[in-house]
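The values are calculated or read from the model by the stated rules, or taken from the named source; none is laboratory data. Since we're looking at a predicted model, the values are computed, not measured. Cβ placement follows ideal geometry from the backbone for every residue including glycine, while neighbour counts extend to all protein chains displayed. We work out accessible area using only protein heavy atoms, side chains counted, and drop any ligands, DNA or RNA first. Shrake-Rupley method; radii C 1.70, N 1.55, O 1.52, S 1.80 Å.
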Amino acid sequence: MSIRAIHRAGSHDLLIDLDSLDAVLALNAALEASPLPGQRDLLAAAQTVLLKFDSGHSAERAIKALPELETASAVRTAGNLVEVPVHYDGEDLAAVAELTGLSVEAVVTAHTSQTWRAVFGGFAPGFAYLLGENQELNVPRRDTPRTKVPAGAVALAGEYSAVYPRQSPGGWQLIGHTDLEMWDLQRENPALIRPQDTVQFVPATQKLSVTQPFAALDKPLEQAQGGGLKIIDAGLQSLLQDAGRIGYGNLGVGVAGAADPTAFRQANRLVGNQIDRAVIENLGNRITVEACGDQVLAHAGAQAKLWITPAEDDQVRTKRQVASNAPFALLHGERLSIEPDGQGLRSYLAVRGEITLKPVLGSLSTDTLSGVGPDPLVSGSVIPVKQPTIGHIVGNPQPSTLPVPDDQGVYRLRVLPGPRTEWFGPSGLKQLAEQLWDVTSESNRVGIRLSTGEQPLQRVLSGELASEGVARGSLQVPPSGLPVIFLADHPVTGGYPVIATVIAEDLSAAAQLPPGSKIRFVLQSPAVQPAT
């Protein structure tokens with residue numbers, strides 16, 4: 001098999017370099033048909049396949065097994081012809097004309113006069129990488145990616161074109177927009193464009209009206225066996241999160257799940273749940289909920305004060321305070337108010353039992369980048385809970401899982417080099433580790449954007465990196481030289497080189513760092529990485 005290189009992509013993942021798109025598709029087909037031991041997901045891209053494993057040990061075994069793997073030639077299947085009407089009014093249309101030496105009218109003609117083949121998915125659900133018939137519109141990505149690209153934006157990057165299925169960050173050159181819905185879970189095949197389909201872009205003549213369906217969280221709690229919780233005040237952001245979605249990478253669907261896996265699992269253990277059950281993840285540590293039926297809850301993550309207010313008809317009990325990192329009862333009609341009280345950014349509120357909402361692609365996680373999953377919680381949202389069977393025992397109080405800064409107030413995050421260190425050279429890795437980095441206010445569940453009072457990172461290689469799968473914890477570096485640490489809702493593919501990846505054990509710490517936090521990266525070797 002034509003493997004050029006196998007790179008470590010963090011603690012559990014591998015990035016496989018191949019010498020052609022056909023080799024990529026062949027390896028992808030072989031591993032979909034016969035997964036390697038411990039393989040959880042895979043993602044094909046232009047020149048690479050990203051493999052995700054359940055442990056570092058499984059990844060090490062795969063490094064030895066992959067060179068011996070036999071693959072057949074890639075078989076191209078016939079897809080559908082999809083016509084996409086485009087309003088050519090993109091913000092970067094004039095820039096693309098200048099980059100290609102064409103007029104604006106000629107750019108539109110070049111885009112519509114050729115057919116485009118969907119060769120693989122990625123970045124986000126419904127996002128298909130479309131390969132053209134020629135290189136006339138081969139343009140680089142923007143030096144600095146936009147924080148918000150609107151849904152339906154039609155874009156170019158390298159030799160590919162694509163349509164953004166929903167609002168998301170992105171660094172592609174925008175040349176127009178379409179009113180078509182690219183991803184709709186109400187359809188039998190949610191993605192409008194699937195791998196092997198052929199796409200024809202045409203100038204739009206009229207605007208289409210499309211309604212986006214959303215999941216509802218307003219079923220009366222009285223209809224839920226065991227009652228549940230009602231959201232009185234959702235705070236800055238409250239989401240349902242569980243262990244995430246596994247196995248949908250080639251559809252462009254990310255894992256999502258709890259941003260701080262350690263606090264998430266602790267909250268579930270404290271109430272006696274399985275550790276992968278859905279909980280409420282709250283940003284900013286401010287939320288108020290009311291119990292319908294007697295419930296057992298636990299709070300973990302960011303430091304907080306927890307107050308319980310008695311039900312209106314309760315003439316006996318008074319307002320009382322309960323502790324984080326320990327189980328407590330919330331009786332029918334009582335309200336729990338959580339207020340921030342120190343370190344940490346995200347808190348996790350688990351309720352004993354099972355949240356009985358309908359999963360989306362096997363999970364109750366809300367993916368803020370792709371929009372897959374339940375809506376964010378708002379005042380009036382209700383969460384039905386089925387009580388557990390006998391034998392589920394609540395846990396004992398546990399210590400906080402929050403990261404602790406050093407004496408200078410700096411948080412240390414351990415990273416493994418790569419998979420694209422050659423773009424920065426030894427001096428780039430040294431610089432990454434030696435200088436301090438600041439968490440900016442533009443950070444969210446997708447990623448932590450960093451700044452520095454010193455020098456941004458400099459590339460030693462020029463040109464464009466072909467889009468490829470990226471792992472959680474990746475430090476992706478755009479041309480600005482300011483890294484972004486990918487968190488739970490990161491895009492499944494990226495087009496900027498990844499200089500290093502935060503190890504699995506420190507991902508929870510990264511997710512708890514508020515804007516203004518200072519970070520120092522500590523380089524690790526895979527040989528000495530902690531076992532999982």
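Remarks
- Accessible surface of the range 367-447 [probe 1.4 Å, protein heavy atoms]: carbon and sulfur percent: 55 percent
- Annotation for the range 391-463 versus the range 154-202: alpha-carbon center distance of 32 Å.
- Here the chain carries DSSP beta bridges of which approximately 90% are antiparallel, counting only pairs with both residues inside.
- Rounded accessible area per residue of the chain, 1.4 Å, Å²: 42 Å²
- The chain - convex hull of the alpha-carbon atoms, volume per residue in Å³: 158 Å³
- Highest mean first, the peptides 248-257, 410-419, 313-322 sorted by other C-beta atoms within 10 Å per residue fall in the order 248-257, 410-419, 313-322.
- Here the range 1-55 has 45 percent of its accessible surface on carbon and sulfur atoms, given a 1.4 Å probe and all protein chains in place.
- For residue 373, net neighbour charge (Lys/Arg +1, Asp/Glu -1) across residues whose Cβ lies under 9 Å away: -1
- Rounded to whole numbers, the Karplus 3J(HN,Hα) couplings from phi for the range 442-454 are 7, 7, 7, 5, 6, x, 9, 7, 10, 10, 8, x, 10 Hz, using 6.51 cos²θ - 1.76 cosθ + 1.60 with θ = phi - 60°, and x at Gly and Pro.
- The solvent-accessible area of residue 328, taken with every protein chain present and a 1.4 Å probe, is close to 20 Å².
- Here's how it looks for residue 86: its modeled amide H is under 5 Å from those of 202, 204, which are all 5 or more places away or on a different chain.
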